[in-house]
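> Provided herewith is a single structure, encoded as structure tokens, for subsequent inquiry.
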Amino acid sequence: MNQINLIGYLTADPTIRATNSGKTVTTFTMGVTRSRKDANGDRVSDFFRVNAWGATADFCGKYLFKGSCVAVIGELTPSTYEGKDGKTRFSLDVQADKVENLTEKKVETKPTSNQPNEWQDISSDDLPFGR
């Protein structure tokens with residue numbers, strides 16, 4: 001069974017593109033901190049390149065951004081590529097089956113004239129329902 005479960009943070013905004021057949025693919029890199037510390041007592045992070053396809057890619061492109069905390073379930077896929085120095089390189093990519101955004105949604109609202117900027121004490125006499 002080839003399955004990997006990761007929780008980490010995006011290191012940059014996702015890259016969204018389409019194949020020649022029109023299928024959407026989104027790629028992002030996420031940093032995942034290991035649970036154990038190194039010999040110096042420092043936490044070590046690993047970085048994974050993640051590819052999401054179709055509806056999952058659309059979701060990632062729409063809702064994820066640099067710094068987003070995500071949970072990814074997928075499988076490792078080996079690939080090779082030629083580096084800038086001309087040498088063949090080996091990498092393991094994650095093909096995401098599921099991606100969940102764990103970042104708390106921030107809602108920005110502008111205060112209106114009847115919307116106070118601070119909490120105010122309200123008397124029970126001001127409440128519109130029974131006492």
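> Identify the GluC sites (Glu not before Pro) of the range 1-105 meeting these criteria: DSSP loop state and at most 12 other C-beta atoms within 10 Å of the C-beta.
Details: sites: Glu75, Glu82, Glu100, Glu104; in loops: Glu104.
Qualifying residues, ordered by number: Glu104.
> Can you pull the one-decimal nm distance between simple spin-label points at Asn5 and Tyr63, each 7 Å off the Cα toward Cβ?
Here the modelled spin labels are 1.9 nm apart.
> Amide H of Ser68: which non-local residues (sequence gap of 5 or more, or other chain) have their own amide H closer than 5 Å, using H built in the peptide plane?
Leu10
> Restricting to DSSP loop positions (anything but H, G, I, E, B) with no more than 12 other Cβ atoms inside 10 Å of their own Cβ, which trypsin sites (Lys or Arg not before Pro) remain in the range 1-106?
Counting only loop positions with at most 12 other Cβ atoms within 10 Å, the trypsin sites (Lys or Arg not before Pro) in the range 1-106 are Lys23, Lys66, Lys84, Lys87, Lys105, Lys106.
> Once a ≥ b ≥ c are taken as the square roots of the eigenvalues of the Cα gyration tensor of the range 28-101, is the result rounded (a/c under 1.5), prolate (a/b larger than b/c) or oblate (a/b not larger than b/c)?
Since a/c reaches 1.5 but b/c is at least a/b, the shape of the range 28-101 is classed as oblate.
We did not get these values from a lab; they are worked out from the coordinates using the rules stated. This one's a predicted model, so the numbers in the text were calculated from it and none came from an experiment. Reconstructed Cβ throughout: ideal geometry from the backbone, glycine too, with neighbour counts over all protein chains shown.
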